[in-house]
Structures are given as structure tokens and as C-alpha cells.
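What follows is calculated from the coordinates using simple rules that are stated; it is not laboratory data. Since this is a predicted model, take the numbers as computed values, not measurements. Every residue, glycine as well, gets a Cβ built from its backbone with ideal geometry; the counts of neighbours run over all protein chains shown.
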Amino acid sequence: MRAEHSESAQAATQEQVLLVEDDPNIRELLTASLELSGYTARGAADADTAVAGLAAFTPDIAVVDIMLPGRSGLDLVADLRGVLPGLPVLLLTARGSVGDRVAGLRAGADDYVTKPFSLDEVLLRLQAILRRTGVQPPDEEVQLRYADLELCEDAHEARRGGTPVPLSRTELALLRYLMVNAGRIVSKPQILDRVWGGEAGDTRVVETYISYLRRKIDTGRIPLIHTVWGVGYTLRIGAQDRR
């Protein structure tokens, strides 16, 4: 598994997510990713705990693993809908067969993700369900979003965790290229060609502007811009700079 405002916009993205997953590592990783992306997440290890928690936590969407101890995730979907009719549900499944996927959809799930999955895929499918069901209205201003980082090209503005980040035109173009290729490694020559059109000629200018972006985007926050030494750079949640 690989490791995505103004005050009014930030408030609008505080949807509550119930995550039901018995694997503690996956549960903690997904919860952290959801929180970083602006959601309020509550985890549960089994169906009984998830249902009991509804008394204190009302989710806007549930992310449910099919293979749970005790009652299955398919049973849980019915239980959740009994308490919260119309609750959107995204299923996580290690079973990739057509029959298993159909069973999940017949049980009332809105969509599914097959393990092993990327964090980006889960977030994108969750956002798509929320918009399709009308829980999360589309944001026409934000063209690109990764984790809590947003790029509004029309306004020539970037935001991190809802806080505006002042960027020069070149910094904005560099950030856009990294966000379009989020999760991929892009080399210095590739960046030089796409951002500067090859006109700069020296890849050291890429290093300089990456350092500018890091100071503005990552300082005091969970780092998103990472160096893959000898290869290039990547925008990724939880990645580590490595040699």
C-alpha cells in the first residue's frame, strides 16, 4: 500500500468518516491520511464497535473492510443503514473476483477498493462518492488538490491546510507539475523541460526552486515534497527522502 481553503471552504470539507478496519496499521494509516486531507475520522476494529460508536459520532460516509472479525462488513453495511438511512459506504476488499464485488454492491455499497490499494485511490473514490451523493459540493475554484494542499490556478494561489501560500509564477508552475504527477518521481531534466521549457539549461535552478517551495509548503507541517536522491523529486504523503 502506497502512501489526494478559506475559512468557509475549510469548514465545508470537515466531513466525518467512519473507518472500520481490523488491521491496526491500515486503520492508523488511513485515519492519518483522512485527517491530513481535511476530514474528521473515527476508527473501529469491528462491526459491533462501529455501531456502538454511532451514539457519539455521526459519519457522513463509512469506509468498511469486508473481512472483519465476527460479523462481516457486508452485514455492517445493513446495520449502518438501519441507523443512518442513505449513508454512503466505500468497501475495502481483498477479494477481487467479480462475484465478490457484485455482492458488495448488492449489499448497498456505493463503491469498492481492492487491496492492496494506494491511499490516493481511497481518497479519490471517497471524494467522488461524497460529491455524487451531494454530501460534498464540488469546489469550482480549486483545480488541484493533494492531501491538505490545494492549487487554485485561476486565482494564482496555493493553500496548505487552508492557509494561503504566496508563490511566484515560477513556483506556482513547479508546484502544479508536482501535483499533476503526485506519487510519481519526476527527474530534474523533466522538471526543467516542463516548467522552464528547457530555457534555464542548468538543473541547479530546479534544486533552488524546490528549496523555495519546501520552505513555503512544508515548513512546520508534514512534508509532502521529497527528494529521491540520484533520481528526482516526488509529491507524496509519508514518503521519506532516501539515497
Next item on the list: Averaging sequence separations of C-alpha pairs under 8 Å and six or more residues apart, then dividing by the length of the range 7-132, give the relative contact order as a whole percent.
Entry: 21
Check: Lys/Arg Cβ at +1, Asp/Glu Cβ at -1, dipole of the range 7-132 taken about the Cα centre: which of PRO69, LEU105, LEU29 is farthest positive-ward?
Finding: LEU105
Note to self: Please compute the Kirkwood hydrodynamic radius of the range 144-235 from all pairs of different C-alpha atoms, in Å with one decimal.
What the structure shows: 13.2
Notebook entry, point to check: Among rounded, prolate and oblate, which fits the range 7-132 when a ≥ b ≥ c are the square roots of the eigenvalues of its C-alpha gyration tensor, a/c under 1.5 means rounded, and a/b larger than b/c means prolate?
Noted result: rounded
Item checked: Peptides ranked, highest mean first, by Cβ atoms within 10 Å: ranges 117-123, 163-169 -> 117-123, 163-169
